[in-house]
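Structure first, commentary second.
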Amino acid sequence: MNRLPYDPSANVCPDFMDERYRAGRTVFVTPNISEVQAAATLRGIWVTTNDALCVQWQQQVIEDDRLRTEQQRLAEEEEERSFQAIRLEEETAQAEEKKKNRSKYHVLPERPRPTTTEDDIIVSDFAMRKIDKGLYVEIYYWTNDGLDDALANYHTKDDDGMVPTTGEDGSTTWIQAAATRPSAGVVPDRNLAPVDFAQAVPRMIASFEERGWPKQRVLMLARFWGALMIHRHWNSRDKSLQKGLLLYQEEQRRAWHNAIPIPANAWDISITSESAISRTCDRVYRDDRNKQDLSDDYKKSQGSNLRIGLGDSFSNPRGRRSRRSVSPNRKRCSASPTKRSSAPRTARAAAGARSGFPAGVHNTRSPAVCAVCLGRNSHSFIECTAERLWDSAFPSVATRSNKQLLLRSSDKPLCVDWQRAIGCSSHSHSERHVCSGCLATTHGAQNCPRAQTLAPGHSL
């Protein structure tokens, strides 16, 4: 349907009796129809056609109004969308600005100047960056030493140095260079003093809340740390138990942070495991004992070398030639007309072979007793694996594996301190207080009746 250019209701019906319409009237003139009747017929046709055009015009006006209203609505919606997009862009830019220059937008409390600034702390940018990402970070950064280190390296918040980093969605963003540098003196959680740990925990929780961590995670960590600080090992006199608790805390928290991105693997860290704590404390104790044994072996070897050196100096005083200094052209004479017997030397070599050590190893005796062979002869106690005791009278019941003292029958670890003369005062592993020479529970290897007797002139 063609669009009407104007309103047909304003049209005026023409006079069809006019001379201009003679040709049109002639068509309708017949013997029974006059020209007047033909003009009336033409007038009726015009009125009918004009009425139809008026109806079309009304429909056209209504449609135009509808289209105009729809276009206005679409324009308003587009304008609203543009406004919201601009508003979102401005809010995003403002949020980025607040994040970048956080100190500029801090809400200042309306109060007088505080008399002390003890509550004002500056935490390392590197640690706060880890907090923002929800990653594991050492507690050291919230200890007094960590805060002092951050304060000493603090210059200005407006650090123009920026470095690229990859976000969780794979996009590249630019962050302050200071946020990528860890502290040079950072101390692992396992090596923190309990008092430093207790001082740092409340500060760390406050940082979590400041950076918008979910309340559930903050509560989990707070309960986890609280459970450790009321544990029976926390105030123990045995430092290895305290260190075991701190190592358990470090390993559990690191594993917990690594599991968070995978919801199926995450758990409530505040639920502690006594068996895991015991295993960790045992591991720390064994490591400390191995270090102590290595240190003792080194000291013993140094002392043995010193005694041997002193013996040589006394047997060969200055100004007196030893037997080995005799001229090679001069024949060595026996002190007796008969040849010296080699039986004692052979017997000593056979005894050494039976005890599991090469000949000549047991020539120097130590005041300490080997926890495996119960011998005092100088050899590496920490690596002894003799199958029989020093005199071959009994089979050995213990051995060394990776420098640990174990029962041969079950590979059960034994307490090294218990084997010493002073014994072990710890009650956390009483089942290991067994003599490594005879399996008695009343004494250790140092006081075992099967141990090699101490040579005259030595004292423990």
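The values are calculated or read from the model by the stated rules, or taken from the named source; none is laboratory data. As the structure is a prediction and not an experimental result, all values here were calculated from the model. Counting neighbours? That spans all protein chains shown, and the Cβs are built from the backbone with ideal geometry, glycine included. Heavy atoms of the whole protein, side chains included, go into the accessibility calculation; ligands, DNA and RNA do not. Shrake-Rupley method; radii C 1.70, N 1.55, O 1.52, S 1.80 Å.
If Arg279, Arg400 are ordered by their accessible area, calculated over protein heavy atoms with a 1.4 Å probe, which sequence runs from highest to lowest?
Sorted by accessible area, descending: Arg279, Arg400.
Summarising the amide proton neighbourhood of Ala398: residues at separation of 5 or more, or on other chains, whose placed amide H is nearer than 5 Å comprise Arg408.
Pairs Lys215/Lys243; Lys243/Lys299; Lys99/Lys133; Lys133/Lys215; Lys243/Lys300: which exceed 22 Å Cα-Cα?
Among Lys215/Lys243; Lys243/Lys299; Lys99/Lys133; Lys133/Lys215; Lys243/Lys300, the Cα-Cα distance tops 22 Å for Lys215/Lys243; Lys243/Lys299; Lys243/Lys300.
Would you rank Leu151, Leu246 by solvent-accessible area, highest first, keeping every protein chain in place and using a 1.4 Å probe?
Numbers: Leu151 100, Leu246 5 Å².
In descending accessible area the options line up as Leu151, Leu246.
Mind ranking 128-139, 15-26, 99-110 by how tightly packed they are, going by the mean number of other C-beta atoms within 10 angstrom, highest first?
Working: 128-139: 17.9, 15-26: 13.2, 99-110: 8.8.
Taking the mean over residues of other Cβ atoms within 10 Å, the ranking is 128-139, 15-26, 99-110.
Per residue, the convex hull around the alpha carbon atoms of region 65-116 comes to 82 Å³. In terms of the mean number of neighbouring beta-carbon atoms within 10 Å, the peptides 266-277, 284-295, 434-445 order highest first as 434-445, 284-295, 266-277. Between the amide H of Leu405 and those of Leu414, distances stay under 5 Å, these residues lying 5 or more places away or on another chain, with hydrogens modeled in the peptide plane. For Leu53, Leu241, the ranking by accessible surface with the largest value first comes to Leu53, Leu241, using a 1.4 Å probe.
Ordering 54-66, 380-392 by mean Cβ neighbour count within 10 Å, with the highest value first, yields 380-392, 54-66. For region 386-415 versus region 45-61, the inter-centroid distance based on Cα atoms is 119 Å.
Near Ser380, no amide H atom lies under 5 Å from its own; only residues 5 or more places off or on other chains count, and H is placed 1.01 Å from N.
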